[in-house]
Every structure is written in C-alpha cells, then in structure tokens.
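Everything on this sheet refers to the single structure shown next.
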Amino acid sequence: MRPKSLNTKFQFVPFVISLAITLAIGFVASIFTRPQIATWYLTLKKPSFNPPDFAFPIAWTILYILIAIAAYIVWKKRNRAITYKATATIYFIQLLLNFSWSIIFFGMHQIFGGLAIITFLWISIIFNIGWFGKFSKTAAWLLVPYLLWVSFAWLLNLNIYLLNR
C-alpha cells in the first residue's frame, strides 16, 4: 500500500500526460472540424441560439483542461480495485465518443449520426461523473461544466438536424 503522503504530492509528469491526452484528442478532432467550418457547416441552417464559431475552441479547450485535471485527481487516488478499472474504462469510452463526434458530424457530414454519438457521449459523461465521484467529489464536479456544454451541444445538434433534414 502506498503511503498517504505520496498521494497528496503533485506529480508533474502524470499531470502533463493527462493534459496531453485530452488536448491531443481535441486537437486531432479539430483536424476534422476546422476545414468544415467555412465550407459545409457554413451552409447549414442553424438555430438562433447557435454561438459564434470562435466560442467553440475556447469552450472546448477549457473543458479539456477540466477533464484532464479530473482524470489526474482520480489517477492519483487509484488503486488495484475493480472500481478503478471500471472508472478508467468509462473515462476512455467517453473520450472515444467525444473524439468520434467530430469525425461523424464534421468529417462525414452525418448530422443524425452526430446526434446519436452525442447522446451516447452525454450518457457516458453522467456515468463518468458518478464513477469519478467514487474517488473524488472534486473530480466529479470538474466534469459538470462538460456535461452542461454537451447538453447544450446536444440541443444544438438536434436543432441543426431538424432544420436541415
């Protein structure tokens, strides 16, 4: 068993790895997104509550940083129990769904497919919050803005689908 003092000490390299993983997912997803903003996405009908294009990268960067911090906190409190393995699995599933949405929606121009992915993403974030909460209430709360933004993005995706079918 690990001494408690090691669990409370900040570990720079694991934190940077956590940050790099989440920011890399956002960066790679943006490769599918950015070229479509001024072309395909521009041609879509959007609801009146659609934010300006510059808001998305700002919001996502902040959210990816919060996600990374939450994951780092949980990693520091990890153990060999099945609970941590389940938590890590749920975390990586939601990251995969997050990444997949950009490919489906922007890369493949599948608005309904994006709606399906973002629905599963929303569900996985709820599970992620619950499982992170088993390790740290702070880590769980750090994911709440992510859930709120994805809730808004789901509503936006739904309206774009309805306006463009």
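Given the criterion surrounded by fewer than 19 Cβ atoms within 10 Å (Cβ to Cβ) and touching a residue at least 12 places away in the same chain (Cβ under 8 Å), identify the matching residue among Ile104, Ile82, Ile126, Ile118. First the steps, then the outcome.
Details: Ile104 fails: surrounded by fewer than 19 Cβ atoms within 10 Å (Cβ to Cβ); Ile82 fails: touching a residue at least 12 places away in the same chain (Cβ under 8 Å); Ile118 fails: surrounded by fewer than 19 Cβ atoms within 10 Å (Cβ to Cβ).
Every option except Ile126 fails the conditions.
Residue pairs, Cβ under 9 Å, 6 or more apart or interchain, first in the range 1-23 and within 13 Å of Trp75 (Cβ to Cβ), second surrounded by 10 or more Cβ atoms within 10 Å (Cβ to Cβ) and at pLDDT below 90. List them.
What qualifies is Arg2/Asn79.
Quick one: which helices (runs of 4 or more DSSP H) sit completely within the range 63-151 and have at least 3 residues that are among the aromatic types (Phe, Trp, Tyr)? Step through it out loud before you land on a result.
Working: elements: 82-102, 111-133, 137-142.
The qualifying helices (runs of 4 or more DSSP H) are 82-102, 111-133.
Would you check which residues across the range 92-101 are under 17 Å from Leu19 (Cβ atoms) and crowded, with 21+ Cβ neighbours inside 10 Å and list them?
Of the residues in the range 92-101, the ones under 17 Å from Leu19 (Cβ atoms) are 92, 94-95, 98-99.
Answer for the range 92-101, where residues must be under 17 Å from Leu19 (Cβ atoms) and crowded, with 21+ Cβ neighbours inside 10 Å: Gln94, Asn98.
If we keep just the residues of the range 33-62 that are of a type in the set (Gly, Ala, Ser) and in a loop (DSSP other than H, G, I, E, B), which is farthest from Val150 (Cα to Cα)? Explain how you work it out, then say what you get.
Let us first name the residues in the range 33-62 that are of a type in the set (Gly, Ala, Ser), namely 38, 48, 55, 59.
Checking which are in a loop (DSSP other than H, G, I, E, B) leaves us with 38, 48.
Values: Ala38: 22, Ser48: 18 Å.
Among those residues, the one meeting the criterion is Ala38.
List, please: which pairs have Cβ atoms under 9 Å, are six or more places apart or on different chains, and start with a residue in the range 41-63 that is closer than 19 Å to Leu163 by Cβ and end with one that is of a type in the set (A, V, I, L, M) and not in a helix (DSSP H, G or I)?
Asp53/Ala38
The values are calculated or read from the model by the stated rules, or taken from the named source; none is laboratory data. Quick caveat, the model's predicted, so the values are computed rather than measured. Positions of Cβ are generated from backbone atoms using ideal geometry, with glycine treated the same way; all protein chains shown enter the neighbour counts.
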